[in-house]
Amino acid sequence: MLTRALQLLPPETAHGAALWALRRGLVPMVTPPSSPRLVTSFCGIDLAHPLGLAAGFDKNATAISGLFGLGFSFVEVGTVTPRPQAGNPRPRLFRLRQQQALINRMGFNNDGLEAVRARLAVRAPGRGPLGANIGANRGATDPVADYVLCLRGLYELVDYVALNVSSPNTPGLRDLQSRARLDELLGALIAARTALAGGSRAKPLLVKIAPDLAPDDEAALAEVALARGVDGLIVGNTTIERPEIVPGRYRDEPGGLSGAPLFLKSTEQLGRFYRLTGGKLALIGVGGILRGADAYAKVRAGASALQLYTALIYRGPRVVSRILGELDRLLELDGYARLGDARGVDATT
Ligand SMILES: Cc1cc2nc3c(=O)[nH]c(=O)nc-3n(C[C@H](O)[C@H](O)[C@H](O)COP(=O)(O)O)c2cc1C
């Protein structure tokens, strides 16, 4: 009902309305199925089930509690940049309803580090693990410094930090995935994190990658990530390609494509990264998860946790519960007692 009503509004207006309702507790809470088969963890963070909310839905950390109320086991806020920015001119978000997909070129519209920091600082104790996804301002002369600023500002307030080097909507951002640039970025961030941890166990640092990397760049990225000691990869962001999208309305709008047409591409990439990293890094699988079978395929490709965004737009507030119920049944049917037992079984064959 709510989902259908929101579909009648322009996409960004609908998104604003959904956040507003979530903030005010107007969206009914959903209790996800609880099953020992679904219990998992990534980077030492324990989860009752694998399904979290991907970055970009709650960029400004205004609706965290309502989002946990939808049943997500973890929530990632952001992308946050040091200074507030307005993002690209509207329209910048397009629904491809028939394909269960979105194209967006939001461009890191966000309230900026100080505002998000202030919100997180006064937040009631969390219902689950919280991640901060951080980035650089558009046109930043020293992007590495932007990431370090955000890491320092948010480190104490969250359970993990994800580096977004993969948004297609900030010119030059994706270049940070090249061997030399990523090495420099990770060197600076790991040093900053060590200082912040002050001798205690450091909080996990993950890198969120683009699905559009060339094979050589994927190998280099995996090498640098392992050598620098990041804890995990989020695989991945939206694609600038248009797989499975027939010519038609919005197909040629510039921006990142998410949802069903991204599923195969992102799942194959997940499998490649599982092999490239020898299963040593935590992998969060994201991209086109709309039903339990999609979630299961990502686990079998190598994911230990999962995230979604687009499915929430098309399937509504009960989507987490539905996917988990189906995933649990699929694990049971194949005789897996724990999700971890199914991790990577397709990637290694
Ligand atoms: C409107 C929109 C905004 C997004 N904003 C961000 C963002 O700020 N940072 C980020 O890392 N990913 C962002 N994403 C990407 C999602 O986190 C996710 O990686 C991608 O949508 C693929 O997952 P899905 O197919 O389940 O939507 C955004 C996606 C959409 C649709």
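The values are calculated or read from the model by the stated rules, or taken from the named source; none is laboratory data. Note that the structure is predicted; figures quoted are calculated from it, not measured. Don't worry about glycine lacking a Cβ; one is built from the backbone with ideal geometry, like all the others, and counts go over all protein chains shown. The accessibility values were calculated without ligands, DNA or RNA, using every heavy atom of the protein model including side chains. Shrake-Rupley method; radii C 1.70, N 1.55, O 1.52, S 1.80 Å.
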If we keep only residues of the range 164-182 that are in a helix (DSSP H, G or I), surrounded by 14 or more Cβ atoms within 10 Å (Cβ to Cβ) and among the hydrophobic types (A, V, I, L, M, F, W, C), then the residue farthest from the ligand (Cβ to nearest atom) is 182
Selection within the range 224-235 - open to solvent by less than 40 Å² (accessible area, probe 1.4 Å), away from the ligand (no atom under 16 Å from the Cβ) and not small (Gly, Ala, Ser) | 224
Which residues, taken from the range 261-301, are closer than 22 Å to residue 130 by Cα, touching a Gly at 6+ places or on another chain (Cβ under 6 Å) and away from the ligand (no atom under 12 Å from the Cβ)?
-> 281, 282, 283
Of (1) over 21 Å from residue 233 (Cβ atoms); (2) in contact (Cβ under 8 Å) with a residue 60 or more places away in the chain, residue 43 fails just (1)
Since residue 133 meets every condition but one in (1) buried (at least 23 other Cβ atoms within 10 Å of the Cβ); (2) outside any strand (DSSP E or B), which condition does it not meet?
-> (2)
Among (1) without any contact (Cβ under 8 Å) to a residue 60 or more places away in the chain; (2) within 14 Å of residue 33 (Cα to Cα), where does residue 342 come up short?
-> (2)
Before we move on, is residue 257 in contact with a Pro (Cβ under 6 Å, 6 or more places away or on another chain), crowded, with 19+ Cβ neighbours inside 10 Å and touching a residue at least 12 places away in the same chain (Cβ under 8 Å)?
-> no
Which condition breaks for residue 221 when tested against (1) part of a loop (DSSP other than H, G, I, E, B); (2) more than 12 Å from the ligand (Cβ to nearest atom); (3) of a type in the set (A, V, I, L, M)?
-> (1)
Which of the residues spanning the range 183-211 are among the charged types (D, E, K, R) and either out of contact with any strand residue (DSSP E or B) (no Cβ under 8 Å at 6 or more places or on another chain) or not in a helix (DSSP H, G or I) (or both)?
-> 183, 184, 201, 203, 208
Taking residue 218 as the residue in question, decide whether it is under 26 Å from residue 279 (Cβ atoms) and acidic (Asp, Glu).
-> yes
Evaluation of residue 242 against (1) touching a residue at least 24 places away in the same chain (Cβ under 8 Å); (2) surrounded by fewer than 24 Cβ atoms within 10 Å (Cβ to Cβ) (one fails), failing number | (1)
Test residue 112 against the stated conditions and say whether it is in contact with a strand residue (DSSP E or B) (Cβ under 9 Å, 6 or more places away or on another chain) and on the phi > 0 side of the Ramachandran plot.
-> yes
Tally of residues being within 18 Å of the chain's Cα centre (by Cα) and of a type in the set (Gly, Ala, Ser) across the range 223-279 | 10
Quick count over the range 35-46, residues being in contact with a Leu (Cβ under 9 Å, 6 or more places away or on another chain) and either closer than 22 Å to residue 130 by Cβ or in a helix (DSSP H, G or I) (or both), is 7
Check residue 19 against each of (1) modelled with pLDDT under 95; (2) aliphatic (A, V, I, L, M); (3) more than 30 Å from residue 148 (Cα to Cα) and name the one condition it does not meet.
-> (3)
In the range 194-215, which residue that is charged (D, E, K, R) and within 26 Å of residue 172 (Cβ to Cβ) is surrounded by the most Cβ atoms within 10 Å (Cβ to Cβ)?
-> 208
Filtering the range 44-89 down to residues that are of a type in the set (D, E, K, R) and within 12 Å of the ligand (Cβ to nearest atom) yields 58, 59, 76
